[in-house]
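Colleague: Would you mind keeping the following structure in view while I ask a few things?
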Amino acid sequence: MADADTFPKLLQLKASQLADHPAIREKDYGIWQTWTWADYLKEVTRFAAGLSAMGFERGDKLFIIGQNRPRMYFAVSAAQCLGGVPVPTYYDAVAEEMKFVIGHAEAKFVIAEDQEQVDKVIEIRESCPTVTAVIYDDDRGLADYDKDFIRSFESVQALGDKALAADPELINRSIQASNGADVSVILYTSGTTGQPKGVVLTYDNIRSIASICVDLEGLNETDSVIAYLPMAWIVDHFISYAQAHIAGFCVCCPESPETVMADSREIGPTYHFTSPRVLENHRTSIMIRMEDASKLKRWMFHKSLDVAKRCLDAKLEGKPIGLFDQLMYKLGKLTVYEPLKNQLGYSRTRLTYTAGEAIGPDMFDFYRSIGIHIKQVYGQTEASPFVTVQPDDQIRSDTVGKPIKDVEIRLSDDGEVLFRSPGVFHSYYKNPEATRSAKTEDGWVHTGDAGIFDSEGHLKIIDRTKDVGRLNNGAMFAPKYIENKLKFFQYILEAITFGDARDEVTAMINIDLSAVGDWAERRGLSYGSYQELAAHPEVYKLIEECIEQVNADLAADELLADSQVRRFLILHKELDADDGELTRTRKLRRRIIAERYKTLIDALYDGSDHCEISVEVTFEDGRKGSLNGDIRIVSVRVFNTLAKTA
Amino acid sequence: MATSELYLCAYSTLSQKQHDRDNQVMMPDSVVDDVLLSVKNISLSFGGVKALENISFDIRKGEIRAIIGPNGAGKSSMLNVINGFYHPQDGEVWFKGIRRNNLKPHQIARQGISRTFQNIALFKGMTTLDNLMTGRITRMNTNMFWQAIWYGRAERQEIEHRERIEQIIDFLKIQSIRKTPVGRLPYGLQKRVELGRALAADADLLLLDEPMAGMNIEEKEDMCRYVLDVNEQFGTTIALIEHDMGVVMDIADRVVVLDYGRKIGDGVPDEIRNNQTVIDAYLGVSHD
């Protein structure tokens, strides 16, 4: 078994090397249940044999929809054991989105976590003729369903037991028949534009990058992670499946999405992947809770943070830390930093990756100063998935680090980042045209991101290439750059700026309900709903101040001085993935937003001071309604550029 | 069934129920084997006020029975009679085929009837878990001494009870609030915890007093789903009082209608919907 070049082969290897070592855990009925690597292999083998008995063949697709549960991971592995391809999907996908993926991937079987997911499949059953059976994990509420079409995970495993009794080598033979060049998984990207694309990745793709990162960070079987990211996202597949199979560490599935924090505290994972958005939410909630704490605690908290910040700054500048500060830091560690880390579930964490979006310098410093080792990484599904990782001793808030081993990066003439690595994806499923436009013949992949290298060879990502525009006077307009600056304020959850082919820059803002709500409460401002709070004149003033600060910042930069935000409005509803305004990973879908809010955008530019709008909204159960609002538009002070005043 | 679109979640269960319902209508009334509880000629008055007047109906095993009626019709009084909180001046209550004497509420709870209240009656300062545990009290039979030193049977029993509670927590999807004091929970969740406590008693008959009052539409949908699932999964018979007609017509197998302490209708939802007396009572025709 020297050449364990597929994940099922790696699973066999781990089941023999680390037979009694925990492989996967799930909190069920309030207690952590553990499967060892030997159990893992056994569960997978039984399920795979059952699938095979039901007619699953080499090359067939297995559609997987559900939250992170051990059985969902077993299903991924089982499909691969049989030479098939798992197609995990975002569990909050609505039936229409599922229909597209099932149809496009021609999935033969569906694994659905519970009644909610099964109902969605039944809803689209007519239009998905390829699906022959639905297998569920949780049987609650499913007693009266059509037993011929829908069956339980256990019943499939029972079928598998029979098949294995007749032919014990059934699955082993099938595992040995695959090799590293075969397709291991198809991941549908949430797609900021148009229909999602199925990214086809081979075992070699994912295995190579996973091994490089395991070596780089020294991950091994003593580590543990919490599996809480959507299984359809490459990062979860990479960490909770691929890296776990290579390093042999334990993957812990939380009890429910709401209990992730509490479960993290219990498990104390050593390796974390998080997004700037999650970090921001944590920090906001800590800050809000500290406001409610006693005076003494509040004083201690802020003093300790100041000390931590001073120490961090000194460290970054290479200056020695004073004896007093060293002492205070130790004290702070005992009384504030460690308890805080424990609250966040970071008490044992030695490595934290963050990616997906720019991270605010304040927030970055906050976490690093209390001793959480955050590193930024950059990548995409097509790279399976990482391209750059920040080296341990060179961590900054505004770069994404250096290319990892075996990865080459270059910038095209218009500033687009291109990369080439062993992780470069095989193709887009059934879409050769898109494959050709994304991947050159010699293996370079267009990321669509505009970036620059700094003097130390660190990559900096500015924006999507296609989003970088020009104002009418020819000045560069990088919307995401400005939006990120706005979003660094805790009161602003989301911002969309406009300016390409316009005379000036304007913005639409989504306030952060918890932060602004708390702010309003402290001032005794009453409000009944998000809409009411968003329209409050005091809130407008608050946001105006934030934008002014950004303008002052932008004015300092000659290239971007013309991008100062002149007018803004606060939207009456939160942007929502159910309405198609955000992707499932919560990225802006600019084209759709521009269409839906056209009247508002026109009003931003025609000088009017308010505008009425009605937008269609989709509720969680798929019904639709409309939300009306009369929205005020406000002008903001702009600053002269330093160059001009000089 | 226009309203049933609202309850997508319950849809397939509903069509099954419809089917069962059609069968039930065919059954002769003489079939008494499947009757879990019946009240016969109940009259209850407080001083000169007649709260209930000569009410008779039955609740069959495994069904969802709704009691509806305008404000002050005597619905809650009826539930209070069933669980022994009030003792009627006249009439009989038969439970599991045995005529019941005037028992105390806790004795009745032990017989297998549990309930929730219109205005939540949880222990606000206790956690969800502890509140649910109180639902098991009727089933705990070790004394305080053994429970305090937590040894032997007391320990075994508590673990068994905790296991059952964990199943309920999982069933109601309230894992995230397991250790939260219920006073800090939003209203909809408190209602769910209360349902959990009633479930914890493993009762044969569950009385729900306005389980969806004051909820928004999403919370109502969730609650409907839980009520249907409890009925289906645990086979618990449910009697509920509810004001939302959409909900009642959708999830109930049979409905009894009260007005001014009298029974004015009894039957499957379709019958009730077309019953002129019921319509009058709801629209407020003047009573001579």
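The values are calculated or read from the model by the stated rules, or taken from the named source; none is laboratory data. Not measured: the values here are computed from a predicted model. Cβ atoms come from the backbone with ideal geometry, glycine included; neighbour counts cover every protein chain shown.
Colleague: Tell me whether the stretch B:186-198 contains one or more residues that are touching a residue at least 60 places away in the same chain (Cβ under 8 Å), aliphatic (A, V, I, L, M) and over 21 Å from B:Thr138 (Cα atoms).
Modeller: The answer is no, given that none of the residues of the stretch B:186-198 is touching a residue at least 60 places away in the same chain (Cβ under 8 Å), aliphatic (A, V, I, L, M) and over 21 Å from B:Thr138 (Cα atoms).
Colleague: Is it the case that the stretch A:581-598 has a residue that's exposed (fewer than 14 other Cβ atoms within 10 Å of the Cβ), more than 32 Å from the chain's Cα centre (by Cα) and away from every other protein chain (no Cβ under 14 Å)?
Modeller: Looking through the stretch A:581-598, none of the residues is exposed (fewer than 14 other Cβ atoms within 10 Å of the Cβ), more than 32 Å from the chain's Cα centre (by Cα) and away from every other protein chain (no Cβ under 14 Å).
Colleague: Do we have any residue at all in the stretch B:60-76 that's surrounded by fewer than 17 Cβ atoms within 10 Å (Cβ to Cβ) and over 23 Å from B:Leu258 (Cα atoms)?
Modeller: Kept after step one, since they are surrounded by fewer than 17 Cβ atoms within 10 Å (Cβ to Cβ), are these residues of the stretch B:60-76: B:61-62, B:70-72.
Those left that are additionally over 23 Å from B:Leu258 (Cα atoms): none.
Checked against the condition, which is being surrounded by fewer than 17 Cβ atoms within 10 Å (Cβ to Cβ) and over 23 Å from B:Leu258 (Cα atoms), the stretch B:60-76 yields no hits at all.
Colleague: Then there's this: Does A:Glu258 meet the test of being under 19 Å from the mean Cα position of the chain (by Cα), among the acidic types (Asp, Glu), in a helix (DSSP H, G or I) and farther than 14 Å from A:Leu344 by Cβ? Reasoning before the result, please.
Modeller: On the way: under 19 Å from the mean Cα position of the chain (by Cα): yes; among the acidic types (Asp, Glu): yes; in a helix (DSSP H, G or I): yes; farther than 14 Å from A:Leu344 by Cβ: yes.
Against the criterion (under 19 Å from the mean Cα position of the chain (by Cα), among the acidic types (Asp, Glu), in a helix (DSSP H, G or I) and farther than 14 Å from A:Leu344 by Cβ), A:Glu258 qualifies.
Colleague: Moving to a separate point now. Could you go through the stretch A:396-405 and let me know if any residue there is farther than 15 Å from A:Gly457 by Cβ, in the same structural domain as A:Asp362 (by TED's automatic domain parsing) and touching a His at 6+ places or on another chain (Cβ under 9 Å).
Modeller: Filtering the stretch A:396-405 for residues farther than 15 Å from A:Gly457 by Cβ gives A:397.
Of the ones still in play, those that are also in the same structural domain as A:Asp362 (by TED's automatic domain parsing) are A:397.
Then keep just the ones that are touching a His at 6+ places or on another chain (Cβ under 9 Å); that gives none.
Looking through the stretch A:396-405, none of the residues is farther than 15 Å from A:Gly457 by Cβ, in the same structural domain as A:Asp362 (by TED's automatic domain parsing) and touching a His at 6+ places or on another chain (Cβ under 9 Å).
Colleague: Right, another one. Tell me which residues, restricted to the stretch A:544-588, are out of contact with any Lys or Arg (no Cβ under 7 Å at 6 or more places or on another chain) and under 16 Å from A:Val615 (Cα atoms).
Modeller: Within the stretch A:544-588, A:Ile570, A:Leu571, A:His572, A:Lys573, A:Glu574, A:Leu575, A:Asp576, A:Asp578, A:Asp579 qualify.
Colleague: Now for a separate question. So, in the stretch A:31-44, exactly how many residues are of a type outside the set (D, E, K, R), more than 27 Å from the chain's Cα centre (by Cα) and surrounded by fewer than 22 Cβ atoms within 10 Å (Cβ to Cβ)?
Modeller: Residues meeting the conditions: 3.
Colleague: For B:Ile217, state whether it is in the same structural domain as B:His106 (by TED's automatic domain parsing) and in contact with a strand residue (DSSP E or B) (Cβ under 8 Å, 6 or more places away or on another chain).
Modeller: Working: in the same structural domain as B:His106 (by TED's automatic domain parsing): yes; in contact with a strand residue (DSSP E or B) (Cβ under 8 Å, 6 or more places away or on another chain): no.
In short, no.
Colleague: Please work out if B:Leu206 is in contact (Cβ under 8 Å) with a residue 12 or more places away in the chain and buried (at least 23 other Cβ atoms within 10 Å of the Cβ). It would help to see each step written out before you state the result.
Modeller: Values: in contact (Cβ under 8 Å) with a residue 12 or more places away in the chain: yes; buried (at least 23 other Cβ atoms within 10 Å of the Cβ): yes.
Taking the combined requirement at face value, the residue satisfies it.
Colleague: What residue, among those in the stretch A:93-137 that are of a type in the set (Lys, Arg) and closer than 14 Å to A:Ile64 by Cα, is surrounded by the fewest Cβ atoms within 10 Å (Cβ to Cβ)?
Modeller: To start, the set of residues in the stretch A:93-137 that are of a type in the set (Lys, Arg) comprises A:99, A:108, A:120, A:125.
Now drop any that are not closer than 14 Å to A:Ile64 by Cα, which leaves A:99, A:108, A:120.
On the way: A:Lys99: 19, A:Lys108: 21, A:Lys120: 22.
Among those residues, the one meeting the criterion is A:Lys99.
Colleague: From the list B:Ile68, B:Ile59, B:Ile82, which one is within 12 Å of the chain's Cα centre (by Cα), within 19 Å of B:Val247 (Cβ to Cβ), at pLDDT 90 or above and of a type outside the set (Phe, Trp, Tyr)?
Modeller: Numbers: B:Ile68 fails: within 12 Å of the chain's Cα centre (by Cα); B:Ile82 fails: within 19 Å of B:Val247 (Cβ to Cβ).
It is B:Ile59.
Colleague: Related question: Could you list, in sequence order, the residues of the stretch B:42-51 that are touching a residue at least 12 places away in the same chain (Cβ under 8 Å) and more than 10 Å from B:Gln89 (Cα to Cα)?
Modeller: Keep residues of the stretch B:42-51 that are touching a residue at least 12 places away in the same chain (Cβ under 8 Å), which gives B:42-45, B:50-51.
Scanning the stretch B:42-51 gives B:Lys50, B:Ala51.
Colleague: With respect to the numbered conditions (1) within 14 Å of chain B (Cβ to nearest Cβ); (2) within 30 Å of A:Thr189 (Cα to Cα); (3) among the β-branched types (Val, Ile, Thr), which one is the sole condition not fulfilled by A:Thr45?
Modeller: The failed condition is (1).
Colleague: Pick from A:Lys309, A:Lys330, A:Lys315: which is in a helix (DSSP H, G or I) and surrounded by 15 or more Cβ atoms within 10 Å (Cβ to Cβ)? Let's see the steps before the verdict.
Modeller: Details: A:Lys330 fails: surrounded by 15 or more Cβ atoms within 10 Å (Cβ to Cβ); A:Lys315 fails: surrounded by 15 or more Cβ atoms within 10 Å (Cβ to Cβ).
Among A:Lys309, A:Lys330, A:Lys315, only A:Lys309 is in a helix (DSSP H, G or I) and surrounded by 15 or more Cβ atoms within 10 Å (Cβ to Cβ).
Colleague: Determine whether A:Pro230 is within 14 Å of chain B (Cβ to nearest Cβ) and at negative phi.
Modeller: Values: within 14 Å of chain B (Cβ to nearest Cβ): no; at negative phi: yes.
Spelling it out, it is not the case that A:Pro230 is within 14 Å of chain B (Cβ to nearest Cβ) and at negative phi.
Colleague: Mind checking whether some residue in the stretch A:269-292 is of a type in the set (D, E, K, R), more than 14 Å from every other protein chain (Cβ to nearest Cβ), out of contact with any Phe, Trp or Tyr (no Cβ under 8 Å at 6 or more places or on another chain) and loosely packed, with under 14 Cβ neighbours inside 10 Å? Outline the logic, then answer.
Modeller: Taking the stretch A:269-292 first, the residues of a type in the set (D, E, K, R) are A:277, A:280, A:283, A:289, A:291-292.
After this cut, where a residue has to be more than 14 Å from every other protein chain (Cβ to nearest Cβ) as well, the list is A:277, A:280, A:283, A:291.
From what is left, the residues that are out of contact with any Phe, Trp or Tyr (no Cβ under 8 Å at 6 or more places or on another chain) are A:277, A:280, A:291.
From what's left, loosely packed, with under 14 Cβ neighbours inside 10 Å: A:291.
Yes.
Colleague: Every residue in the stretch B:172-187 that is within 14 Å of chain A (Cβ to nearest Cβ) and buried (at least 17 other Cβ atoms within 10 Å of the Cβ), please. It would help to see each step written out before you state the result.
Modeller: Keep residues of the stretch B:172-187 that are within 14 Å of chain A (Cβ to nearest Cβ), which gives B:172-180, B:184-186.
The answer is B:Leu172, B:Ile174, B:Gln175, B:Ser176, B:Ile177, B:Arg178, B:Leu185.
Okay, residues lined up against (1) under 30 Å from A:Pro391 (Cα atoms); (2) aliphatic (A, V, I, L, M); (3) away from chain B (no Cβ under 14 Å); (4) part of a helix (DSSP H, G or I):
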position	(1), (2), (3), (4)
A:Gln117	no, no, no, yes
A:Lys120	no, no, no, yes
A:Pro129	no, no, yes, no
A:Ala143	no, yes, no, no
A:Asp148	no, no, yes, no
A:Ser155	no, no, yes, yes
A:Asn179	no, no, yes, no
A:Val200	yes, yes, yes, no
A:Ile212	yes, yes, yes, yes
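Colleague: Still on this model: Do you know which residues across the stretch B:105-164 are basic (Lys, Arg), surrounded by 15 or more Cβ atoms within 10 Å (Cβ to Cβ) and not in a helix (DSSP H, G or I)?
Modeller: Listed by number, the residues that qualify are B:Arg115, B:Arg136.
Colleague: Something else: List the residue pairs whose Cβ atoms are under 6 Å apart, where the first residue sits in the stretch A:490-504 and is over 16 Å from A:Arg277 (Cα atoms), the second is at pLDDT 90 or above and hydroxyl-bearing (Ser, Thr, Tyr), and the two are 6 or more positions apart or on different chains.
Modeller: A:Phe498/A:Thr506
Colleague: Restricting attention to the stretch B:206-213, does a residue exist that is within 14 Å of chain A (Cβ to nearest Cβ) and out of contact with any Lys or Arg (no Cβ under 8 Å at 6 or more places or on another chain)?
Modeller: No; the residues of the stretch B:206-213 include none that is within 14 Å of chain A (Cβ to nearest Cβ) and out of contact with any Lys or Arg (no Cβ under 8 Å at 6 or more places or on another chain).
Colleague: Right, another one. Return the only residue of A:Phe47, A:Phe63, A:Phe56 being crowded, with 21+ Cβ neighbours inside 10 Å and in a strand (DSSP E or B).
Modeller: Numbers: A:Phe47 fails: in a strand (DSSP E or B); A:Phe56 fails: in a strand (DSSP E or B).
It is A:Phe63.
Colleague: Could you check the stretch A:428-439 and list, in sequence order, the residues that are surrounded by fewer than 18 Cβ atoms within 10 Å (Cβ to Cβ) and either of a type in the set (A, V, I, L, M, F, W, C) or touching a residue at least 12 places away in the same chain (Cβ under 8 Å) (or both)? Walk me through how you get there before you give the answer.
Modeller: Taking the stretch A:428-439 as the starting set, the residues that turn out to be surrounded by fewer than 18 Cβ atoms within 10 Å (Cβ to Cβ) are A:430-434, A:436-437.
Result: A:Lys430, A:Asn431, A:Ala434.
Colleague: When you check A:Tyr228 against the structure, is it in a loop (DSSP other than H, G, I, E, B), within 26 Å of A:Tyr378 (Cβ to Cβ) and of a type in the set (Ser, Thr, Tyr), yes or no? Before the answer, list the steps.
Modeller: Working: in a loop (DSSP other than H, G, I, E, B): yes; within 26 Å of A:Tyr378 (Cβ to Cβ): yes; of a type in the set (Ser, Thr, Tyr): yes.
In short, yes.
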